[in-house]
Amino acid sequence: MEQQQILTLINELEQAFNSHAHTENGLAMSKYMKGRFPFFGINAPKRKELQRIWFQSIPKDLSNNNRWTIIEELWTKEEREFHHVAFDYLNSWNKKYMEPTDTAKLKWLISNNSWWDTVDSIASNYLGKFCLAFPEEGAELVKEWRNEDNFWLNRSCLIFQLKYGNNVNFELLKSLIIQFQPNKEFFIQKAIGWSLRQYSKFNPKAVDVFVKEIDLQGLAKREATKYI
């Protein structure tokens, strides 16, 4: 698929969004996101309806490069709805669409236009599936990202196992939590508590012992012990 064809495809989505734009809703949505992004003002059900129709126009036999070009073009758009379409498209890919070299692209996505809505969706869905599909590359990714200055990458390390159920690598999670426990960034403390709270659904005793062992405090503790 040529670049111009991809741009034409995205322009069709933009036209659909423009035809359903709601200025007042857009201002309210932007305010909710601390004014970080402009919005068309399309509510989630309508946006998903429009994107479902648009997804049907995307060829199914695209190359990995073409699929990522679509993601990247959507990500460079200003309106937040484009970013939501991008991560929904990304998260719909199964293992056959993944490649070990996706790590650099994932890092770019999480590091740009970053806020909790995009980061959390990508980290707990595509990133989680990627690390299961490619354990070696996933381990290297976590090793690198946990030492980055970007706290969104750090947060991704803490929450990529959210949907692993009882198969969480708890030793890895514990090491990450111990590393980030002194970090007072709200989104890091929240992620620590969230990851432990989720795992406590399957192993409450282990979480309870760990929380006491490291003397977890504040927001992280409140989140971690919510189900214990």
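The values are calculated or read from the model by the stated rules, or taken from the named source; none is laboratory data. Predicted model only: the values in this text are computed from it and were never measured. Virtual Cβ from ideal backbone geometry, glycine too; neighbours counted across all protein chains shown.
Need at least 2 residues that are acidic (D, E) per element, so show me which helices (runs of 4 or more DSSP H) inside segment 1-87 make the cut, counting only ones lying wholly within it.
3-19, 64-75
Of all residues in segment 131-147, how many are more than 14 Å from L106 (Cα to Cα) and not in a helix (DSSP H, G or I)?
2
Filter segment 188-209 down to residues that are of a type in the set (K, R) and surrounded by 15 or more Cβ atoms within 10 Å (Cβ to Cβ) and give me whichever is farthest from the chain's Cα centre (by Cα).
R197
Residues in segment 150-167 that are closer than 28 Å to N112 by Cβ and either part of a helix (DSSP H, G or I) or more than 18 Å from the chain's Cα centre (by Cα) (or both): how many?
9
For the subset of segment 89-130 comprising residues that are closer than 18 Å to I159 by Cα and among the acidic types (D, E), which member is surrounded by the most Cβ atoms within 10 Å (Cβ to Cβ)?
Checking each candidate, the answer is D120.
Inside segment 74-95, can you point out the residues that are under 21 Å from N64 (Cβ atoms) and among the charged types (D, E, K, R)?
D88, K95
Is it the case that some residue within segment 131-145 is among the acidic types (D, E) and farther than 24 Å from W68 by Cα?
No, that holds for no residue.
Residue pairs, Cβ under 8 Å, 6 or more apart or interchain, first in segment 204-222 and on the phi > 0 side of the Ramachandran plot, second part of a helix (DSSP H, G or I) and not hydroxyl-bearing (S, T, Y). List them.
Between residues of segment 204-222 that are on the phi > 0 side of the Ramachandran plot and residues that are part of a helix (DSSP H, G or I) and not hydroxyl-bearing (S, T, Y), the close pairs are G218/Q189.
If you check N125, N167, which single one turns out to be free of Cβ contacts under 8 Å to residues at least 24 places away in the same chain and not hydrophobic (A, V, I, L, M, F, W, C)?
Exactly one of N125, N167 is free of Cβ contacts under 8 Å to residues at least 24 places away in the same chain and not hydrophobic (A, V, I, L, M, F, W, C), namely N167.
Could you tell me whether S63 is modelled with pLDDT of 95 or more, of a type in the set (G, A, S) and either out of contact with any strand residue (DSSP E or B) (no Cβ under 8 Å at 6 or more places or on another chain) or surrounded by 12 or more Cβ atoms within 10 Å (Cβ to Cβ) (or both)?
Here the answer is no, as S63 does not meet what is asked.
List the helices (runs of 4 or more DSSP H) that sit entirely inside segment 168-228 and contain at least 1 residues that are out of contact with any helix residue (DSSP H, G or I) (no Cβ under 6 Å at 6 or more places or on another chain) and more than 24 Å from A139 (Cβ to Cβ).
Of the helices (runs of 4 or more DSSP H) lying wholly inside segment 168-228, those with at least 1 residues that are out of contact with any helix residue (DSSP H, G or I) (no Cβ under 6 Å at 6 or more places or on another chain) and more than 24 Å from A139 (Cβ to Cβ) span 186-200, 204-213, 218-224.
Report, by residue number, each residue of segment 134-187 that is exposed (fewer than 13 other Cβ atoms within 10 Å of the Cβ) and either modelled with pLDDT under 95 or among the basic types (K, R) (or both).
K143, K184
Can you confirm whether segment 96-107 contains a residue that is in a loop (DSSP other than H, G, I, E, B), farther than 30 Å from S57 by Cα, β-branched (V, I, T) and without any contact (Cβ under 8 Å) to a residue 60 or more places away in the chain?
no
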